[in-house]
Amino acid sequence: MGGSRLLLAQLRPYRWTVVAGGLLGLAGGAAGLVQPLAAKVVTESLLGGRPVAGPLIGLTCLIVAGALVSALGRYLLALAGENVVRRARDRLTGRILRMRVGELDRLEPGDLMSRLTGDISLLRSVTATAVVNGTAGLALMAGAIVMMAVTDLTLLAVTAGVMALTCVVMALVMPVISADNQRAQAAIGRLGTVVERAMGAYRTVKASGAERRETARAVDASATAWRHAVRAARWQSATGVSGTVSTQLTFLLVLGVGGARVGSDALPLSSLIMFLFCLMYLSNQLGQVISAATQWQVRLAAVRRLDEVDRLPSETDPPASPPAGDGSASVAFSGVTFGYDPAAPVLREVSFSVPPTGMTAVVGPSGAGKSTLFALLERFYEAERGTVEVDGRDVRHWPLEALRARIGYVEQDAPVLAGTLRDNLRHARPDATDEDIHGVLAQAGLSSVLVQLPHGLDTAIGHRGATLSGGQRQRVAIARALLRRPRLLLLDEITSQLDAGSEAPLRRAIEEIATTMTVIVIAHRLSTVTNADRIVVLDGGRVRAVGTHRELLTSDDLYRELAAGQFLPS
Ligand code: ATP
């Protein structure tokens with residue numbers, strides 16, 4: 001869709017507000033158009049020695065009424081502008097939160113934030129300035145031209161010649177303004193990306209002494225934005241000046257030619273005065289149209305960037321699915337091949353199954369594709385070949401919400417959100433009671449930590465849980481997953497930040513949990529999974545072997561090697 005059509009599409013839901021605002025603006029403007037007529041009447045009255053009080057009072061009333069009507073029109077247009085911004089914000093926020101995980105791997109969150117704030121704000125004045133002022137300005141210009149034509153065709157021809165020149169200049173400059181604005185907005189998006197990147201690894205930036213380098217990157221993006229914005233401003237003011245100059249030039253020419261025509265009695269003086277009033281009016285409207293056209297170019301740049309967000313593919317649900325049963329979930333991978341980049345498969349022909357309840361461990365070297373198995377179970381990505389089933393149903397045929405409600409997932413780096421401990425836990429289940437929360441905290445071995453927190457569950461735990469230790473963050477993430485009352489618990493490397501003393505109780509707690517639900521754990525430290533009901537050994541994206549610790553020690557070389565490297569008794 002072309003940029004202008006996209007902009008107009010933003011206005012469509014509020015078209016009646018825009019039309020009402022536009023009509024009121026037009027009525028207010030038309031009141032101004034009567035002024036030249038009134039001026040002619042006043043002049044004729046003065047020259048004819050008739051009283052001028054009546055026409056003067058009438059003129060004043062017209063001006064006041066016109067101003068009031070215009071103000072109401074402007075308010076309606078501003079209202080429509082705010083509505084456009086709000087609707088776009090709500091829609092795009094929803095779009096960003098529902099897009100596929102793979103899209104976020106590709107995009108820059110900082111740039112998305114800048115589009116959601118900066119670019120959307122630019123839409124605000126689309127209605128007010130550009131559409132209506134432009135259309136109304138053109139309509140009122142047409143009205144003025146008709147009046148000028150009726151008054152004197154020769155003077156109109158003089159006016160049209162100069163004005164045509166202005167139009168040519170505008171047509172040449174507008175695309176340049178649009179391109180520069182788009183580049184400026186893109187550079188602001190890059191600035192957002194730089195800042196978001198630095199804030200996301202704030203301590204690393206400081207520890208690496210990289211503040212200056214990161215600042216330089218931000219300054220560079222900011223300079224690019226400035227350069228393009230200044231260039232656009234230069235052209236914008238050039239178009240404004242060309243409008244003013246052409247108006248002044250026309251005024252002088254009309255005065256000269258018109259004066260000569262009055263001198264030769266070809267034109268009455270009152271008609272010349274009326275024509276000059278019309279010209280003033282026309283030049284005002286022309287200024288308005290020029291300003292609307294340049295504003296339109298700025299908005300075009302923003303709406304194109306917003307449209308890119310609007311087109312991000314969302315996660316989709318299958319059309320209709322029967323409700324899922326209760327009880328622990330079973331899992332089956334059958335011939336699954338998947339790669340983040342289809343040309344480089346991460347998983348190849350992976351097949352194994354996990355019956356309901358009990359603990360299954362996935363082990364293997366770093367980069368083998370273990371976390372990817374979890375990503376496919378949560379349907380963050382879809383397998384290229386083969387099927388991933390939960391409870392005997394392909395995950396592609398599950399309603400996403402129902403699928404994810406069945407699964408408790410603790411990511412490898414156990415993300416914790418800013419807010420209180422209670423907010424973090426309830427994030428997974430907003431209706432959880434304090435009793436539920438205390439229950440899961442005990443299961444995750446956090447009860448003793450809770451006692452030490454100054455405000456208990458209401459303690460703020462900082463940006464990304466900065467006030468907690470790494471191990472505590474992991475256990476908060478486990479408690480959060482358990483609070484969801486999942487049927488399938490996926491734990492990715494959850495003991496990596498725990499000492500042996502804290503690991504043993506957590507391992508026992510997970511073994512206990514595995515008696516009531518299906519638990520799949522990814523573990524580097526084999527000591528945590530020796531008691532698992534089955535262990536899947538993954539290597540280079542393929543399943544090498546499946547068995548218990550004892551079986552694998554005898555049957556699989558890689559497993560034996562891993563166990564020997566970790567001093568596990570064979
Ligand atoms: P580790 O034990 O180190 O956590 P893993 O066995 O869990 O590793 P995965 O995280 O599944 O391995 O990654 C498998 C491969 O896929 C790696 O080569 C990794 O670089 C790649 N990979 C993982 N996530 C993505 C992603 N979002 N986009 C592109 N490639 C990815």
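The values are calculated or read from the model by the stated rules, or taken from the named source; none is laboratory data. If you're wondering where the values come from, they're calculated on a predicted model, not measured in any experiment. Cβ atoms come from the backbone with ideal geometry, glycine included; neighbour counts cover every protein chain shown. What goes into the accessible areas is simple: the full protein's heavy atoms, side chains included, and nothing from ligands, DNA or RNA. Shrake-Rupley method; radii C 1.70, N 1.55, O 1.52, S 1.80 Å.
Does the range 124-176 come out rounded, prolate or oblate by the C-alpha gyration tensor, with a ≥ b ≥ c the root eigenvalues, rounded set by a/c under 1.5 and, if not, prolate when a/b is larger than b/c and oblate if not? In terms of gyration-tensor shape, oblate.
Placing a label point 7 Å from the Cα of Asp310 along the Cα-to-Cβ direction, the residues of the range 3-23 whose backbone N falls under 13 Å from that point are 3-14. Computed from the C-beta positions of Glu82 and Ala504 and an R0 of 51 Å, the FRET efficiency is 0.30 to the nearest 0.05. When the alpha carbon coordinates of the chain are projected onto the principal axes, the ranges are 120, 51, 47 Å, largest first.
When only alpha carbons are used to place a centre, the range 208-287 and the range 151-206 end up 15 Å from one another.
In summary, the helical segments of the chain meeting the span-like criteria, namely a full DSSP H run, a Cα extent along the axis of 27 angstrom or more and a mean Kyte-Doolittle hydropathy of at least -1.0, are 15-47, 53-98, 153-200, 211-263, 269-310. In the chain, the calculated helix contribution to ellipticity at 222 nm averages -21000 deg cm²/dmol per residue, counting -39,500 (n - 2.57) for every DSSP H run with n ≥ 4. Placing unit charges on each Cβ (+1 for Lys and Arg, -1 for Asp and Glu) gives the range 64-192 a dipole about its Cα centre, and among Leu165, Leu68, Leu92 the Cα reaching farthest toward its positive end belongs to Leu92. Note on Ser351 and Arg550: the extension gain reaches 69.5 nm, defined as 0.36 nm multiplied by sequence separation minus the Cα-Cα distance.
For the pair the range 38-115 and the range 340-375, the centres of their Cα atoms are 57 angstrom apart. Peptides 398-404, 296-302, 457-463 ranked from most to least packed, by the mean per-residue count of other Cβ atoms within 10 Å: 296-302, 398-404, 457-463.
If you stretched the chain out fully between Glu511 and Gln248, how much longer would it get, using 0.36 nm times the residue separation minus the C-alpha to C-alpha distance? Can you show the working numbers first?
Working: separation 263, 0.36 × 263 = 94.68 nm, distance 8.74 nm.
85.9 nm is the gain from fully extending Glu511 to Gln248.
Over the chain, accessible surface divided per residue gives 48 Å², non-protein components excluded, 1.4 Å probe. As a calculated quantity, the FRET efficiency between Ala266 and Ala30 at R0 = 41 Å, using C-beta atoms, amounts to about 0.85. In this structure, the amide hydrogen of Arg542, modeled 1.01 Å from its nitrogen in the peptide plane, lies closer than 5 angstrom to those of Arg348, counting only residues at least 5 positions away or on a different chain. Taking all Cα pairs closer than 8 Å and separated by 6 or more residues, the relative contact order of the range 157-283 comes to 35 percent.
In the chain, the DSSP beta bridges split such that about 55 percent are antiparallel, to the nearest 5. Extending 7 Å from the Cα toward the beta-carbon at both Leu104 and Leu255 defines two label points whose distance is 6.6 nm. Considering only Leu425, Gly386, Val440, and ranking their Cα positions along the charge dipole of the range 355-484 that arises from unit charges at the beta-carbon of Lys, Arg, Asp and Glu, the one farthest toward the positive end is Gly386. Only protein atoms count toward the accessible area here, which uses a 1.4 Å probe; on the chain, the carbon and sulfur part of that area reaches 61 percent. If you take the Cα centroid of the range 412-465 and the Cα centroid of the range 487-546, the two points sit 23 Å apart. Each residue, Gln566 and Arg5, gets one label point 7 Å from its Cα in the Cβ direction; the gap between the two is 5.9 nm.
Amide H contacts under 5 Å for Arg385: Thr337, restricted to partners 5 or more places along the chain or on a different chain, H placed in the peptide plane at 1.01 Å from N.
Provide the FRET efficiency to the nearest 0.05 for the His524-Ser222 pair, computing r from the beta carbons and using R0 = 41 Å.
Step by step, r from the Cβ atoms, then E = 0.45.
Calculate the dipole size of the chain relative to its Cα centre from +1 charges on Lys and Arg beta carbons and -1 charges on Asp and Glu beta carbons; express the result in debye to the nearest 20.
1340 debye
Subtracting the Cα-Cα distance from 0.36 nm times the residue separation, let me have the gained length for Ala71 to Ser447 in nm, one decimal.
Full-extension gain reported as 129.1 nm.
Rounded to the nearest whole Hz, the Karplus-based 3J(HN,Hα) values (6.51 cos²θ - 1.76 cosθ + 1.60, θ = phi - 60°) of the range 387-393 follow the sequence 10, 10, 10, 10, 6, x, 10, with x at glycine and proline. Among 62-69, 520-527, the peptide with the highest mean count of other Cβ atoms within 10 Å heads the list, and the full ranking is 520-527, 62-69.
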